[in-house]
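This report concerns only the one structure given below.
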Amino acid sequence: QAKTSGKGRFAFFDPPMAAAMLRRHDLKTELAGAIERREIMVEYQPIVDLETGRISAGEALVRWEHPVRGRIGPAEFIPLAEESGLIRVIGRHVLEQTCRQARLWEAAAPDDPPLRLHVNLSAAELRDPDLTAGVQAMLEEFGLPPERLALEITETELLDDAVTSAARFGELRALGIRIALDDFGTGYSSLSYLHSLPLDTLKIAKPFVDGLVGEGRDASFIGVIVELARKLGLDVIAEGIETPAQLDALRDLGVEFGQGFLIGRPAAAGTGRFRRQMPAEFSVRQDARRA
Ligand code: C2E
Ligand code: MG
Ligand code: MG
Ligand code: MG
């Protein structure tokens, strides 16, 4: 009590902040053994063709199933993994799980066109000079052609080190791996920068999809992105589609691909919720639209 009064160094002591610091510290320590304890899992969210409803790809999203604290999302533990240097091991684990899953889906449905899988990368991984060789070795180990893999990096992280990013993207794309710019619109990419980066796909950040319905200038913003992407030869994927109105608006704007809770939530591969067919709700809407 004496310590919190007066001009001691505990004058700024703040219990919630201290609890958050302690949690960060503990998680960082516990994360070190999490892969061996099989607590790091991957879920997959479908990416669909918004016109036909067909699943064209899946995004791998990492989760930490903590035995005591419950599920911890990547937004919380990926930054800790970056600080502690564990990110490369975790990234490798996610890629390995995803490659294995790609082969399992293929074996389960050999007549379906193969799915492309998207894996998220953090800036720390992009800085790793061995990244490209590591990814290539993993694809070879599982016998997957590079076209089956897309790597996503968020626009904000990219800007930390633009020259290295561009060089790394060049290496990966030379192999045939696709590169997607994630959360597009939340950073500050200039047009010339976007033009010079070796990219395949822009993923429109969820806030713009949220702002689509209503008075919003977001529709014109997305319209401009679609136009720009077409000129640059890039695919466009809209993220975070939650309502039928958003889905319709995106279709009208000519956005070709999308993902979101409306279409399919991220799910473990084994639950059967990640299917090659569209959820019933989507097909019904499709039929109604065609009729
Ligand atoms: P992201 O790559 O932009 O992934 C989309 C996030 O939005 C995911 O959150 C997903 O579960 C969520 N989402 C998808 N559809 C909807 C929707 O309709 N509504 C709402 N409210 N959310 C939706 P998640 O899984 O918590 O991942 C957060 C971020 O963590 C990802 O954002 C990505 O940047 C990062 N991340 C995820 N997995 C990995 C990984 O394996 N490695 C790295 N480095 N980062 C990862
Ligand atoms: Mg992503
Ligand atoms: Mg995103
Ligand atoms: Mg993100």
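Read-outs: derived from the displayed coordinates by stated rules, not from any lab. As the structure is a computational prediction, the values presented were derived from the model and not from experiment. Note that each Cβ is placed from the backbone with ideal geometry, even for glycine, and that neighbours are counted across all protein chains shown.
General remarks:
- The chain pair-distance distribution - Cα-Cα, 5 Å bins, rounded %: 1, 5, 11, 14, 16, 16, 14, 10, 6, 3, 2, 1, 1, 0, 0, 0
- 5 angstrom amide H check on Ser56, placed H, neighbours 5+ away: Ile47, Val48, Asp49
- 222 nm mean residue ellipticity, helices alone, for the chain (DSSP H n ≥ 4; -39,500 (n - 2.57); rounded to 500): -13500 deg cm²/dmol
- Gyration tensor (alpha-carbon) shape descriptor, the stretch 173-254, a/c threshold 1.5: prolate
- Tensor-based shape of the stretch 115-159 (alpha-carbon gyration tensor, a/c under 1.5 rounded, otherwise prolate or oblate): oblate
- Inter-centroid distance (Cα atoms) of the stretch 33-67 relative to the stretch 155-187, Å: 21 Å
- Dipole axis of the stretch 201-271 (+1 Lys, Arg; -1 Asp, Glu on Cβ), positive-most option in Phe257, Gly223, Leu247: Phe257
- Between the exposed loop cleavage positions of the chain, defined as GluC sites (Glu not before Pro) in a non-H, G, I, E, B DSSP state with at most 14 neighbouring beta-carbon atoms within 10 angstrom, the longest gap is 52-214.
- Modelled spin-label separation between Arg92 and Leu232, with each label point placed 7 Å from Cα along the Cα-to-Cβ direction: 3.2 nm.
- Shape of the stretch 48-207, Cα gyration tensor, a/c cut at 1.5: rounded
- Spatial separation of Cα centroids for the stretch 86-113 and the stretch 117-135, in angstrom: 15 Å
- The residue list Ile177, Thr201, Ala102 was ranked by how far each Cα lies along the charge dipole of the chain toward its positive end, using unit charges on Cβ atoms, and Ala102 comes out on top.
- At R0 = 45 Å, FRET efficiency that the Cβ-Cβ distance of Phe13 and Arg217 yields, to 0.05: 0.50
- DSSP bridge pairs, the chain: antiparallel proportion in percent, nearest 5: 40 percent
- Ranked by the mean number of other Cβ atoms within 10 Å of their residues, highest first, the peptides 130-136, 259-265 fall in the order 259-265, 130-136.
- Bridge type composition, the stretch 33-140 - antiparallel percent by DSSP, nearest 5: 75 percent
- Among complete DSSP H helices in the chain, those whose alpha-carbon atoms stretch at least 27 Å along the helix's long axis and whose mean Kyte-Doolittle hydropathy reaches -1.0 are 87-108.
- Across the chain, Cα pairs under 8 Å and at least six residues apart give a relative contact order of 17 percent.
- Taken about its Cα centre, the stretch 128-191 carries a charge dipole of about 280 debye when Lys and Arg each add +1 at the Cβ and Asp and Glu each add -1 at the Cβ.
- The magnitude of the dipole of the stretch 110-253, with charges of +1 and -1 set on the Cβ of Lys/Arg and Asp/Glu and taken from the Cα centre, is near 420 debye.
- Computed about the Cα centre, the dipole magnitude for the chain is approximately 680 debye when only Lys and Arg (+1) and Asp and Glu (-1) carry charge, each at its Cβ.
- Simple rule: put +1 on each Lys or Arg Cβ and -1 on each Asp or Glu Cβ in the chain, find the dipole, and look at Gly233, Leu126, Ile35; the Cα lying farthest toward the positive end is Ile35.
- Listed values for the stretch 67-73 are Karplus-derived 3J(HN,Hα) couplings in whole Hz (6.51 cos²θ - 1.76 cosθ + 1.60, θ = phi - 60°), namely x, 10, 8, x, 6, 10, x, and x replaces Gly and Pro.
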